[in-house]
Every structure is written in C-alpha cells, then in structure tokens.
Amino acid sequence: MIYHITSRKAWRDAQQRGDYRTQSLETEGFIHCSSNTQVLPVADKYYPGQRGLFLLMIDPALLTSELKWEPPAEGAPPPGVPEGELFPHVYGPINLDAIVKVFDLETDSDGKHTAPALD
C-alpha cells in the first residue's frame, strides 16, 4: 500500500469529481505519496501542527495512472527517512476505486501527527 495526505476539502472535491488530483500534478507532473514508514516524517515536515487531515490508503495494483518509485522531489528526504529511500509518485489522477481506505490523520497535544497502524 501507498499513502497520501490530504485535506478534507480536497477529498470532498475528489469524490464530487470522480478522481483525486493535486496542484503538484499540474506543476510537477505527479502526486506525492509515501510508504507506511514515510507517512509521519512527511506529515511532520510538510503539515506541522495541521489538524483535520486525511490519510488516503491507495492500492497500487488498482491504480490506472503510472506509479514510479523515485528520490524525493526536492533532494533530501524529511528527517526520519533514510537517505536514498525512494518515494512513490503517481503520474496522473488517482482513480477513487484505488483508494481503499481513508483515515483521520490525528495530532497529539504537541501538534505532532499520529497515524493508525498501517500495512
């Protein structure tokens, strides 16, 4: 499984539109995703203290867009992710039937993100 962090609004928009898209798809050509071990480091680096986020669980076998495992887009991985580890990037919209579960991405009292047990 791969994972993507999103806002409630973006998830609602995707459900209305019939697929999931991000601004990065337009500007970089792909949607940033994470493995289960990358989720919390990515959340802490890019969404510090943000509440009300969702974590989309995506089954790569169900994707209709191409999935590539590549180095982090801006070079260095977030703290907590080993140097040289690859990240999943989806080159196109994510079809909704590939999103097999949606979790709340919780934050603790210190504003650090916590995730449910992920596969």
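The values are calculated or read from the model by the stated rules, or taken from the named source; none is laboratory data. Everything numeric in this text was worked out from a predicted model, so none of it was measured. Neighbour counts run over all protein chains shown; Cβ positions are idealised from the backbone, glycine included. The accessibility values were calculated without ligands, DNA or RNA, using every heavy atom of the protein model including side chains. Shrake-Rupley method; radii C 1.70, N 1.55, O 1.52, S 1.80 Å.
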task: Keeping all protein chains in position, work out how much accessible area ARG17 exposes to a 1.4 Å probe, and write it in Å² to the nearest 10.
output: 120 Å²
- prompt: How big is D, in µm² s⁻¹, for segment 35-99 by Stokes-Einstein at 25 °C and 0.890 mPa s if Rh is the Kirkwood radius over C-alpha pairs?
  reply: 187 µm²/s
field: Virtual paramagnetic centre 7 Å along Cα→Cβ of GLU74, amide N under 15 Å, in segment 1-43
entry: 24, 28, 32-33, 41-43
- prompt: TRP69 accessible area, nearest 10 Å², 1.4 Å probe?
  reply: 120 Å²
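Remind me, relative contact order of segment 14-119 in percent, using alpha carbon pairs under 8 angstrom and six or more residues apart?
After rounding, I find 39 percent.
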- line: A chain fully extended from ASP104 to GLU28 at 0.36 nm per residue, minus the present Cα-Cα distance, gains in nm 24.7 nm
Mean accessible surface per residue for the chain, computed with a 1.4 Å probe while every protein chain stays in place, in Å²: 52 Å²
Exposure of GLU74 as accessible area (Å², to 10), given a probe of 1.4 Å and all protein chains: 110 Å²
query: Cα centroids of segment 57-119 and segment 2-33: how far apart, whole angstrom?
result: 12 Å
Cubic angstrom per residue, convex hull over Cα atoms of segment 18-61: 112 Å³
task: Compute the convex hull volume of the Cα atoms of the chain, divide it by the residue count, and report the result per residue in Å³ as a whole number.
output: 99 Å³
- prompt: Using the Cβ atoms and a cut-off under 14 Å, what net charge is assigned to the surroundings of LEU63, where Lys and Arg are +1 and Asp and Glu are -1?
  reply: -2
field: Sequence of GLU70, GLU83 from largest to smallest accessible area, 1.4 Å probe
entry: GLU83, GLU70
